[in-house]
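Input: a single structure, listed below in structure tokens.
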Amino acid sequence: MKKSFLLILALILLAACATPPPTSRESAPPANSNASAPAVPAVTEADAIAKEKAIWDAIKNKDYDAFGNMLADDQVEVTGEGVLDKAASIAGVKDFEPTELTFSDWKFTSISKDAFLVNYTANVKGKFKGKEFPAQSSRASSAWVNRGGKWLATYHQECPVKPPMPPPAASTRSPAKTEASPEGTAPVAATGPDPIANEKIVWDLFKAKNYDGFATLLATDFIELESDGVYDKAGAVKGVQGFDASKVVLSDWKAVKLGDDAMLVTYTYKMPGMPGDGERSSSIWAKRDGKWLGVLHHGGTPVMKPVVMAAPKEMPVQQPGSSPAKKP
């Protein structure tokens, strides 16, 4: 009996030693099971400016591979000649040789956790297709997006810097009394993830002269770039007052996704009295606190017709053994 008791006791001790005591680690999931990717650090203003300058350095150094590697696959560049995709942007910079570059008036805006915007003035001197051009100043906008942990440029647009329009001459007449417009009190249509629909809502508000409604669709950090200046939200709302949008024609719509919470739209607008063939404009819409609001509007890029080179005249084919005909 004593031997049996000792044998049972030994078996119990052996089982206890074979089973490790429970620890808090047993409840922890394996290191690679459904582990989320590390978050990308937030971009600072200094980082954003450095990335934008790196784009220009690659163009200046003719490092077109580096330039292409900094562009998103769905990148768009809004120019006077048209809206270029990534391949066309890379091909286009090969004709552009900047020799002097200076920048100023930098402004950084965080669009969402996966997108940011930089605006600035670029002063450039150099050559285009081998011919020198004088120093030019442009207002520029660029949007960058986080794709798989890498920041890539996805949108760029420029418009020429022009002096601001002179204020209208003061009138000696007493201002006419204005009455509240019934359209101005109409409810504003809800915006959503479709930037084309959002932009059309804005133009409907312009036509109805509902400027208060327009203001409700702009983010507090909204910025507008035009040839004659750069405007914040208050300046943009003030600037459209008195603007007759009843005969504006909008066309060439294109939307680009910047992320789950940000979208870009670019289009052409023309109205009677405008010089040339109209202007190209772009807007960025972002979801802020559950509502889609305008973050950027960049206009003032004049539509330019592509230069068509005249075909060379064909020389008459001379038959073997014959001599060129002589004029009498």
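The values are calculated or read from the model by the stated rules, or taken from the named source; none is laboratory data. No experiment lies behind these values; they were computed from the predicted model shown. Methodologically, a virtual Cβ is constructed for each residue, glycine included, from the backbone with ideal geometry; neighbour enumeration extends over all protein chains shown.
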>> Pairs needed: first member in the range 213-236, over 18 Å from TRP203 (Cβ atoms) and modelled with pLDDT of 95 or more; second member anywhere, among the aromatic types (Phe, Trp, Tyr) and surrounded by fewer than 17 Cβ atoms within 10 Å (Cβ to Cβ); C-beta distance under 7 Å; at least 6 residues apart or different chains.
In response: none
> Within the range 128-140, restricting attention to residues that are modelled with pLDDT under 95 and closer than 24 Å to ASN69 by Cα, which residue is surrounded by the most Cβ atoms within 10 Å (Cβ to Cβ)?
Replying inline: PHE128
> Out of (1) at pLDDT below 95; (2) on the phi < 0 side of the Ramachandran plot; (3) surrounded by 17 or more Cβ atoms within 10 Å (Cβ to Cβ), the odd one out for GLY259 is which?
Replying inline: (2)
>> Checking the structure you have, find out if any residue of the range 184-197 is over 20 Å from VAL265 (Cα atoms), out of contact with any Asp or Glu (no Cβ under 7 Å at 6 or more places or on another chain) and either modelled with pLDDT of 95 or more or part of a strand (DSSP E or B) (or both).
In response: no
> Of these, ASP221, ASP252, which one is within 17 Å of the chain's Cα centre (by Cα) and over 16 Å from GLY80 (Cα atoms)?
Replying inline: ASP221
> Is there any pair with a first residue in the range 70-89 that is of a type in the set (Asp, Glu) and a second that is assigned to a helix (DSSP H, G or I) whose Cβ atoms are under 9 Å apart and which are 6 or more apart or on different chains, and what are they?
Replying inline: ASP73/LYS86; ASP74/LYS86; GLU77/LYS86; GLU77/ALA88; GLU77/SER89; GLU77/GLY92; GLU81/GLY92
> Which residues, counting only those in the range 124-157, are small (Gly, Ala, Ser), without any contact (Cβ under 8 Å) to a residue 60 or more places away in the chain and not in a strand (DSSP E or B)?
Replying inline: GLY130, GLY148
> Give me the pairs: first residue in the range 110-123 and among the charged types (D, E, K, R), second residue buried (at least 16 other Cβ atoms within 10 Å of the Cβ) and at pLDDT 95 or above, beta-carbon distance under 8 Å, and six or more apart or on different chains, which are they?
Replying inline: LYS113/ASN146; LYS113/ASP261; ASP114/VAL145; ASP114/ASN146; ASP114/LEU258; ASP114/ASP261; ASP114/ALA262
> Of the residues in the range 203-216, how many are buried (at least 20 other Cβ atoms within 10 Å of the Cβ) and within 21 Å of LEU264 (Cβ to Cβ)?
Replying inline: 2
